[in-house]
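Below you'll find the structure, written out as structure tokens, and then a few comments.
The values are calculated or read from the model by the stated rules, or taken from the named source; none is laboratory data. What you see is a predicted model, and the numbers here were worked out from it, not measured in a lab. For neighbour counting, all protein chains shown are included, and Cβ atoms are generated from backbone atoms with ideal geometry for every residue, glycine included. These accessible areas exclude ligands, DNA and RNA; they are computed on the full protein's heavy atoms, side chains included. Shrake-Rupley method; radii C 1.70, N 1.55, O 1.52, S 1.80 Å.
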Amino acid sequence: MRHFEFAVDHGHAKAVNETLGDVRRLRVSSIVVGLLFTAGAVWLYLQHSPWAYILAAVLAVAAVMSLWVSVWAPRKVGSIEDLYRRGPLVPAMVSETRPRGATVLALVDIAKPETTVPHYALVVRNVRALPGHTLTKGERVPSVAVLSDRNTSSTAETWQLVSPMPIAWGTRDRGVLRRAVDAIDPVEWQLLRRNLDVSEKVRGAENDRMLIDPHDLPAELLERGDDA
């Protein structure tokens, strides 16, 4: 698994990193929902009737669960440094452009560490901005893959949740971006470029990803699996 080290610019990441933004929005919405459930539970309790006590208890449990999510989500994701340090460096390219953003297509081996055979997949992510990059089709966007499972007890050979997170969301330094591009094998960039036109098809697939047939992989990528 290939990793890429660089100094994360916290102010920049806080402003533009959409992964952190998603976590913040989840946390805020969980707190708001939790407070609404709490208010509803209190109001029902004050009605002093058997059915109201039952509904109040249900809402109280829902409130606790919502507030727990607000605490659990940031801890589950970890710090921005953790995300960039843990995630493997992967190639990604702008594959589609829109008036307010773009779609990024990434090539990711979604196999878990204990799996000896690679499972390369094309993965898409819609983004609003890519500082340091031009939003033109084919623009190379070095990223890290954020990998996780919905169910921590999952025994599947591949990760259930995969999302590319651009290096550009963690630094303003264009030298770092160039170094990240160079750290990725040209074979991977070539394979990704050949598949840019299937971006829309990948967006329509389950979990926004599509496995690549091993017969369509360059020998170099298959050899890496043999060496694992």
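Each label point is 7 Å from the Cα along the Cα-to-Cβ direction; what then is the distance between the points at VAL64 and ASP22, in nm?
It works out to 3.0 nm between the two label points.
Which value, to two decimals, describes the C-alpha radius of gyration of the range 69-145 once divided by 2.2 N^0.38 Å? It would help to have the intermediate numbers written out before the result.
Details: Rg = 14.6 Å, N = 77, 2.2 N^0.38 = 11.5 Å.
After normalising by residue count via 2.2 N^0.38 Å, the value is 1.27.
Once you have a ≥ b ≥ c as the square roots of the Cα gyration tensor eigenvalues for the range 74-198, tell me rounded if a/c is under 1.5, and otherwise prolate or oblate according to whether a/b is larger than b/c.
Working: a/c = 1.62, a/b = 1.36, b/c = 1.19.
Cα axes put the range 74-198 in the prolate bin.
Can you pull the Kirkwood radius for the range 6-64, inverse mean 1/r over Cα pairs, to one decimal in Å? Let's see the in-between values first.
On the way: mean 1/r = 0.0736 Å⁻¹.
Taking every pair of different Cα atoms in the range 6-64, averaging 1/r and inverting gives 13.6 Å.
Helices from the chain with mean Kyte-Doolittle at least -1.0 and a Cα length along the axis of 18 Å or more, per DSSP H: which?
Working: long enough: 18-45 (40 Å, 0.86); 50-77 (41 Å, 1.37).
Correct list, ordered by number: 18-45, 50-77.
Using only alpha carbons, build the gyration tensor for the range 1-107 and give me the equivalent ellipsoid semi-axes, biggest first, whole Å. Don't jump to the answer; show the numbers that get you there.
Details: eigenvalues 343, 51, 28 Å².
Each semi-axis is the square root of five times an eigenvalue, giving 41, 16, 12 Å.
Dividing the convex hull volume of the alpha carbon atoms of the range 107-164 by its residue count, what do you get in Å³ per residue? It would help to have the intermediate numbers written out before the result.
Numbers: hull volume 5.6 nm³, N = 58.
For the range 107-164, the hull spanned by Cα atoms encloses 97 Å³ per residue.
Based on the Kirkwood radius over alpha-carbon pairs, what value in µm²/s does the Stokes-Einstein equation return for the translational diffusion coefficient of the range 128-228 at 37 °C and 0.692 mPa s?
Here the translational diffusion coefficient equals 208 µm²/s.
Could you tell me the distance between the Cα centroids of the range 91-121 and the range 3-22, to the nearest Å?
Measuring centre to centre over Cα atoms gives 19 Å.
Dipole of the chain, Cα-centred, from +1 at each Lys and Arg C-beta and -1 at each Asp and Glu C-beta, to the nearest 20 debye? Before the final figure, lay out the partial values.
Values: 27 positive and 26 negative charges, 223 e Å.
Its charge dipole is roughly 1080 debye.
Give me Rg over Rh for the chain, both radii from the alpha carbons and Rh done the Kirkwood way, two decimal places.
Working: Rg = 21.1 Å, Rh = 19.5 Å.
Rounded to two decimals, Rg/Rh equals 1.08.
Could you state the accessible area per residue of the range 1-156 in Å², with a 1.4 Å probe and every protein chain left in place?
On the way: 8490 Å² over 156 residues.
On a per-residue basis, 54 Å².
Just want the answer: with Cβ charges of +1 for Lys and Arg and -1 for Asp and Glu, which residue in HIS119, TRP169, LEU36 is farthest toward the dipole's positive end in the chain?
Comparing the listed Cα positions along the dipole, LEU36 ranks first.
Would you please name the trypsin sites (Lys or Arg not before Pro) within the range 165-196 that are DSSP coil residues with at most 14 other C-beta atoms within 10 Å of their C-beta? Please report the intermediate quantities before stating the final value.
On the way: sites: ARG172, ARG174, ARG178, ARG179, ARG193, ARG194; in loops: ARG172.
Here the sparse-neighbourhood loop sites are ARG172.
Of all DSSP beta bridges in the chain, what percent run antiparallel (nearest 5)? Display every interim value, and only then the final one.
On the way: 27 of 27 bridges.
For the chain, the DSSP antiparallel bridge percentage is about 100.
Roughly how big is the range 93-228's charge dipole about its Cα centre, with Cβ charges of +1 (Lys, Arg) and -1 (Asp, Glu), in debye to the nearest 20? Don't jump to the answer; show the numbers that get you there.
Details: 18 positive and 20 negative charges, 201 e Å.
The dipole of the range 93-228 has a size of about 960 debye.
Take the alpha carbon gyration tensor of the range 169-224, find the square roots of its eigenvalues, order them as a ≥ b ≥ c, and report rounded if a/c is under 1.5; if not, report prolate when a/b exceeds b/c, else oblate.
Working: a/c = 2.55, a/b = 1.34, b/c = 1.90.
The shape class here is oblate.
Taking only Cα atoms and a 10 Å spring cutoff, compute GNM fluctuations for the chain and point out the largest among VAL23, VAL124, VAL181.
Its mean-square fluctuation being the largest, the pick is VAL23.
Mind giving me the FRET efficiency for ASP197 and LEU222? R0 is 22 Å, r the Cβ-Cβ distance, nearest 0.05 is fine.
Efficiency computed from Cβ-Cβ geometry: 0.40.
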